[in-house]
Structure formats: structure tokens, C-alpha cells
């Protein structure tokens, strides 16, 4: 954990100036107004994931105001998407006032004027992604800001930001840190595009979600309860939307799952160390609860029954020396 600022150890007189300076350093030029200058508590942490970062702030009430003059003097290079913890933030941007409740996304365009306030004590987790990397027109970002929940990826990004924060110490020191940052950019871009318009984002959503769906299925092939509903729920989308994505990619989800399970079962049937394992047990291990259905699908795919396949791929039985006939 990288603690970039804490009021712990500071005197009451020093806390006002130090807190305001820290907030400026971690964001963009803005006007900081503290709710109660006599009682200030603040802690700020930052974790880096490649070109992105997670900024977590836990502090007493404050207000941030960013003017056009401040934008001109210090343009923002990042787009901020925050999730509040146990508190409610008040935001005004693009002429719209919003309440950001716990576990809800709030988008902040740092290159547009805004007014944000947090009353009492609260905390937020904020994902910063490079504006240039998002690559969307400003009008798309602006329109999407007011309808983020319309995106099928809304809950996925909420969970993503949470995971990057909760497991930051482990993840930021791993070789996957930069890849996670790239995934954060892709996920943010696709969320904004799909919140703006689903048709506008259809290609981007397929590119983002289908590899994740495939990876998830491969990890859960042995789960007999694996289904389109459980897969969709794991990715924060509806089964109907999942089928649409697959259809657009000319990809049959259910048939692919069956084929992957048959492949795993075939490989185990050919393993010498599993010769004593009943065929039915191997079938159940890979999610086939009906023996006749397993045998029928196996024969269709490999041209032989599971037992015949096992026999064909079994190593030849070694002949004991006493079984070898003597030479003349």
C-alpha cells in the first residue's frame, strides 16, 4: 500500500493547508473547501497499474470546485470513475446534478467544470484512466456520464474497481499489474460506449467480453451447474445479452461448452493413470449427468464410443518373461 498522505501526526493548524495541497497534487487544479477546518481527518492511498491507477481517499467532509480558468491552466490527462464507500457524494457536471450512492459509479471529466461535495466522513475508490487511451469523442463521454447504469458492464466495472483496491498490495507487485491496467482502460471505454448506445458499442463489447466468457467457462467446465445464466451473472449481464454477443460472433455458447467438456473427458480416458476410473465417473467429472447423452455426443465428435476410445488409446499390455515361448 502506498500512503501518499495522512493527517496522522499533524497538528490541527497544519492539517488544513496540508490536506488541500495533497488533494491538489493527486488530482487537478481546483478549489478545495473543507467542511470543518477544526476537525480534519484524511488518508490518501495510490496504487499504480501500468498507465492507470487507483486512488482511495478517506476523509472528513469537503467540496471540490473546478473552473474553466483552472482547466485552461492545468488540463486533466485522466478520466476519473469513482465508487463511494458508506457515503453519498453530490456532483454537478454538464449541467446535471447527481447523487453518488455507495457502490454506484460516478464519472468525473476533469476537462469540464464540476462541483463535487462530500458531507460528513466518507471514502471513495477512484480509477484514473488516460483520456487519450479511452479514445472516445467528448460528446460520447458527456452523454454516457448521465446514464452509466444503462451499460451491461456497469456492475462489472464496480466490482473491478473494488478488486483492484482490496487486493492492491498483491496485484500491483505482480507481473499482471500492467495487463490489469490495460484491461481497466478497455473496460472503461466499453462501458462508456455501451452506456451511450448499445449499437455504437456492439463490436467493442464483443471484443471485451467474449475472451472473458471463454476463460470463465474453461475454469468452470467441471461445474455441473455451469449454464448461460450463471455465466451471464458472473459477468454482470443478462442471459439474453450474452446470447446476442455470441450470435453476433457466430459462436454457439452451449455447443462450445459441450465440445470443451468432451475434449477434457477424451483426454482423461486416454490417461494410463485413470484406466481404473469408470467412464461414467469421468463423464460426471466434466458435467455430463446423463450417461447415454455423453456416449452419444462423444461418438458424434470422435467416431467411437468412450470405451472404444479408451481401448484404442491404451498402451499395449506388457508380456511377462515367463509368457515368452522358448526359442528352438
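Quick note: the coordinates plus some simple rules give every number you see, no bench work behind them. Source: prediction; values computed, not measured. Note: ideal-geometry Cβ built from the backbone for every residue, glycine included; neighbour counts use all protein chains shown.
Here is how the numbers come out for the structure above:
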item: Residue with peak Gaussian network fluctuation, the chain [Cα springs, cutoff 10 Å], from 17, 204, 232; result: 17
item: Cβ-Cβ FRET estimate between residue 35 and residue 240, R0 fixed at 41 Å, reported to 0.05; result: 0.35
item: Listed residues 200, 116, 302, most fluctuating in the chain (Gaussian network, C-alpha, under 10 Å); result: 302
item: Value of D in µm² per second that Stokes-Einstein yields for region 3-196, Kirkwood Rh from Cα pairs, at 4 °C (1.567 mPa s); result: 76 µm²/s
item: Cα radius of gyration and Dmax for region 1-116 (Å); result: 14.2, 40
item: Scattering curve values for the chain, log₁₀ I(q)/I(0), Debye with Cα scatterers, q = 0.07, 0.11 Å⁻¹; result: -0.43, -0.80
item: Two-decimal Rg/Rh across region 256-312, once Rg and the Kirkwood Rh are taken from alpha-carbon atoms; result: 0.91
item: Extended-chain gain in nm, criterion 0.36 nm per residue less alpha-carbon gap, residue 166 and residue 255; result: 28.4 nm
item: Taking region 78-179 and dividing mean pair separation by its residue count, relative contact order in percent (alpha carbons under 8 Å, at least six apart); result: 29 percent
item: Mean separation of Cα contacts under 8 Å, 6 or more apart, over the residue count of the chain: relative contact order %; result: 13 percent
item: Extension reserve of the residue 176-residue 132 stretch, reckoned as 0.36 nm per residue once the Cα distance is removed; result: 13.6 nm
item: For region 256-312: relative contact order, % (alpha-carbon pairs under 8 angstrom, 6 or more apart); result: 36 percent
item: Gaussian network model of the chain, springs between alpha carbon atoms under 10 Å - residue of 67, 52, 11 with greatest fluctuation; result: 11
